[in-house]
Amino acid sequence: MERVNFKNSKGLNLAGALHIPKEKTNSIIIIAHGFTSGKDRARMIKLAENIKKNGFAALRFDFGGSGESYDGEITIENQVDDLESAINFAKTKGYKHIGLQGESLGGLISILACNKSIKTIVLWAPVTKSKNKLNSELKEELKKKGHITLKKDGKKFRMPTEYFEERKKVRQKQLLSKIECPVLIL
């Protein structure tokens, strides 16, 4: 496993880990973690190692606002940019056959970032419906500050009003109708 860093389109740092199998390959699976998660969760590491054992390279990385990547607000637009940058990074490393694996919010981001260069997508409990539910305390915080901050595992995650507006606009049928590659949904 090799620690890697690359930039998104805004020049912000993204931290990742590249798992390369013994035999050279031009195929890679890029792992997109879920909301308030990160590349170093045990199941992400185990997944990457299993991908590697099966002869594919794997890239797990932290979206901005998570783990070791740039500190910033979590928005769908930012995360799509981060994943597109991970796809471009994989291409610069010589990978021609690219698959995506997305968990929860990472699943939505994988669908949105999918383009003709993606050969397949595996989604674990993807978020593909609009979301509009916040408790009264969080609604008040969002109204006062323009963002909410969630704490999980000693880390803080900041979501601006924009994130909630983006989530409201998600339309499952329209979203999924654009995918042309094989998709496995778990």
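The values are calculated or read from the model by the stated rules, or taken from the named source; none is laboratory data. It should be emphasised that the depicted structure is a prediction, and the values quoted were computed from it without experimental measurement. Cβ: placed from backbone, ideal geometry, glycine included. Neighbour counts: every protein chain shown. Accessible surface is based on the protein model in full, side chains and every heavy atom, while ligands, DNA and RNA are left aside. Shrake-Rupley method; radii C 1.70, N 1.55, O 1.52, S 1.80 Å.
Summary of computed values
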{"item": "Residues satisfying the stated conditions in region 2-37, i.e. of a type in the set (A, V, I, L, M, F, W, C), without any contact (Cβ under 8 Å) to a residue 60 or more places away in the chain and under 20 Å from residue 124 (Cβ atoms)", "result": "17"}
{"item": "Scope region 19-37; condition touching a helix residue (DSSP H, G or I) at 6+ places or on another chain (Cβ under 8 Å) and open to solvent by 30 Å² or more (accessible area, probe 1.4 Å); matching residues", "result": "20, 29, 35"}
{"item": "Residue check for residue 18: in a helix (DSSP H, G or I), aliphatic (A, V, I, L, M), at pLDDT 95 or above and closer than 19 Å to residue 118 by Cβ", "result": "no"}
{"item": "Residues located in region 128-178, provided they are open to solvent by 100 Å² or more (accessible area, probe 1.4 Å), within 17 Å of residue 112 (Cα to Cα) and of a type in the set (S, T, N, Q)", "result": "174"}
{"item": "Every residue from region 1-18 that is closer than 19 Å to residue 82 by Cβ and either among the hydrophobic types (A, V, I, L, M, F, W, C) or crowded, with 20+ Cβ neighbours inside 10 Å (or both)", "result": "4, 6, 8, 12, 14, 15, 16, 17, 18"}
{"item": "Conditions (1) acidic (Asp, Glu); (2) open to solvent by less than 40 Å² (accessible area, probe 1.4 Å); (3) over 17 Å from residue 4 (Cα atoms); number of the one not met by residue 73", "result": "(2)"}
{"item": "Check on residue 98, open to solvent by less than 20 Å² (accessible area, probe 1.4 Å), in contact with a helix residue (DSSP H, G or I) (Cβ under 8 Å, 6 or more places away or on another chain), farther than 27 Å from residue 152 by Cα and not in a helix (DSSP H, G or I)", "result": "yes"}
{"item": "Test: residue 107 is more than 25 Å from residue 11 (Cα to Cα) and not β-branched (Val, Ile, Thr)", "result": "no"}
{"item": "Any hit, region 153-171, residues being touching an Asp or Glu at 6+ places or on another chain (Cβ under 6 Å) and without any contact (Cβ under 8 Å) to a residue 24 or more places away in the chain", "result": "no"}
{"item": "Lone unmet requirement of (1) buried (at least 23 other Cβ atoms within 10 Å of the Cβ); (2) more than 17 Å from residue 159 (Cβ to Cβ) for residue 66", "result": "(2)"}
{"item": "Unique match (being in contact with a His (Cβ under 8 Å, 6 or more places away or on another chain) and either under 26 Å from residue 69 (Cβ atoms) or modelled with pLDDT of 90 or more (or both)) among 167, 158", "result": "158"}
{"item": "Region 38-63: number of residues that are in contact with a strand residue (DSSP E or B) (Cβ under 7 Å, 6 or more places away or on another chain) and either within 18 Å of residue 124 (Cβ to Cβ) or buried (at least 22 other Cβ atoms within 10 Å of the Cβ) (or both)", "result": "13"}
